[in-house]
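Structure first, commentary second.
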Amino acid sequence: MGDFSKYIGDYSYYYTPERFGPLGLEQIGGTMLEPVTADTGAYLEENGDVRFRFYYPKVNKLEVSMRAGRQSMKFELEKDGEGYFSGVLSYDAQNPTWHGFRQFELIADGINVVSSRTPVMQGFRGPTNYIEVPFLDFDDYLMDRNVPRGALAFRLFRSKVTNSWHRCTVYTPSEYNTSPDKSYPVLYLHHPGAKNTDTAWAFQGKVPLIMDNLIAEGKAVPFIIVSNECGPQLPEDGLFGMDGYFRMLFEDCIPFIESEYRCLSDKWNRATAGASWGGMLSSQLAFTWPDKFANVGMISSGFRCVDTWPKLEDNHFLDWMKGNAKEVGKQYKLIFRSHGEIEYIGSKELPNEPGNPTLFEDEAFLSENGLDKLPCYKRIVFPGGKHMWDTFAKGFSAFAQVLFKD
């Protein structure tokens, strides 16, 4: 049994695009002035159990289909005579998939629905509910610390490349508005693949909370963070092409940020990073344009762009690095990689977690060319980590603690 008491009520668990703070009771009847309310949703108990309770009086059968990494389960909730469906998932400390973000869908009489009574995130197939069971050894994002908090802004800029408006999410550290004579390094942080948005790192990755805590503890230097929705931008990009996004970033986004914020604009004070697909995108950005980025973070991702060019030899943006470790070392201040143990080497206990053989090939590429011996190269593997947001958040925290440091 775990002790999750310090997490219960911590506002970091209500830090979503939809709200900040507990949602409150659901109105199930009555009037606006005299409502009839009920306590519904999905809740983490102090012992680590997850409790479900939903009010669907006209539904006959309600199931929960839950995903954790590549693992999934489905179970049926029990309906009472008043229209409530309830159930409890008992805490299992020995289950490697138990902790972290657990996406789930409700299936009401065979139809998938998203509940408004539980936090919503952008999952692989679109909006989905989730419940988070914290890792007891990772609390960098908790708000129980009385530290200065930075600002999160949603900024619109016009793209000449796409001839349309774009939104980016911008984090500035707490001291930004009180230090008008100071300029800051900038990290361009890219989301994982699928239907994620510019807000994914802020809310699912809890980046602002992590940054505030790390800065207050002296573990990270203050810097600005910019996130875009970074999928293909132009019709000719197809499903995975990124030329349109790269043009939009260089020609529109970066100039907009550097005109609106006090930025250090040299490459040594500019970084790109991302998780999963966003990490591969960052690899292509940094290693194609070493004159633009001297810092790169690949979190839970390959060194290559495996979706676009599965074979390592087809990733030609890496060609200049072969046998050229000395020059690579001159061009970069930080090359950072992180992975979860399970997403990297797999798990014998989990049938759908075979590991990622391309990561071993990437390791061989780095080793053969002496890149893993460079002083700027850092790598970390998290025990038990799966390809999920909790592993991404750990990777970001580790990256932030070494970024833009002398």
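The values are calculated or read from the model by the stated rules, or taken from the named source; none is laboratory data. Owing to the predicted nature of the structure, the values given are computational and were not obtained by experimental measurement. Ideal geometry is used to build each Cβ from the backbone, glycine not excepted, and the neighbour counts take in all protein chains shown.
So which residues in region 47-61 are surrounded by fewer than 14 Cβ atoms within 10 Å (Cβ to Cβ) and not basic (Lys, Arg)?
Answer for region 47-61, where residues must be surrounded by fewer than 14 Cβ atoms within 10 Å (Cβ to Cβ) and not basic (Lys, Arg): Asn47, Pro57, Asn60.
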Original post:
Under the condition of being among the charged types (D, E, K, R) and under 14 Å from the mean Cα position of the chain (by Cα), which residue from region 389-406 is surrounded by the most Cβ atoms within 10 Å (Cβ to Cβ)?
Top reply: Asp390
Subject >> Qualifying residues in region 289-345 (those that are touching a residue at least 60 places away in the same chain (Cβ under 8 Å) and assigned to a helix (DSSP H, G or I)) - the one surrounded by the fewest Cβ atoms within 10 Å (Cβ to Cβ) >> reply: Glu343
Original post:
In region 1-31, how many are surrounded by 15 or more Cβ atoms within 10 Å (Cβ to Cβ), modelled with pLDDT of 75 or more and in contact with an Asp or Glu (Cβ under 6 Å, 6 or more places away or on another chain)?
Top reply: 1
Original post:
Out of region 106-143, which residues are assigned to a loop (DSSP other than H, G, I, E, B), surrounded by 17 or more Cβ atoms within 10 Å (Cβ to Cβ) and β-branched (Val, Ile, Thr)?
Top reply: Thr118
Original post:
Out of the residues in region 185-197 that are at pLDDT 90 or above and in a loop (DSSP other than H, G, I, E, B), which is surrounded by the most Cβ atoms within 10 Å (Cβ to Cβ)?
Top reply: His191
Original post:
All but one of (1) in contact with a helix residue (DSSP H, G or I) (Cβ under 9 Å, 6 or more places away or on another chain); (2) surrounded by 15 or more Cβ atoms within 10 Å (Cβ to Cβ); (3) of a type in the set (A, V, I, L, M, F, W, C) hold for Ala151; which doesn't?
Top reply: (2)
**OP:** Name the single residue, out of those in region 133-184 being basic (Lys, Arg), more than 22 Å from Tyr245 (Cβ to Cβ) and under 24 Å from the mean Cα position of the chain (by Cα), that is modelled with the highest pLDDT.
**Re:** Arg149
**OP:** Confirm whether Tyr171 is within 21 Å of Lys394 (Cα to Cα), free of Cβ contacts under 8 Å to residues at least 60 places away in the same chain and not assigned by TED's automatic domain parsing to the domain that holds Tyr43.
**Re:** yes
Original post:
What is the one condition in (1) under 25 Å from Phe404 (Cβ atoms); (2) at pLDDT below 95 that Ile345 does not satisfy?
Top reply: (1)
**OP:** Go through region 295-323 and count every residue that is over 22 Å from the mean Cα position of the chain (by Cα) and under 19 Å from Asn369 (Cβ atoms).
**Re:** 14
Original post:
Quick check, is Lys394 within 17 Å of His190 (Cα to Cα), among the charged types (D, E, K, R) and either assigned to a helix (DSSP H, G or I) or in contact with a strand residue (DSSP E or B) (Cβ under 8 Å, 6 or more places away or on another chain) (or both)?
Top reply: yes
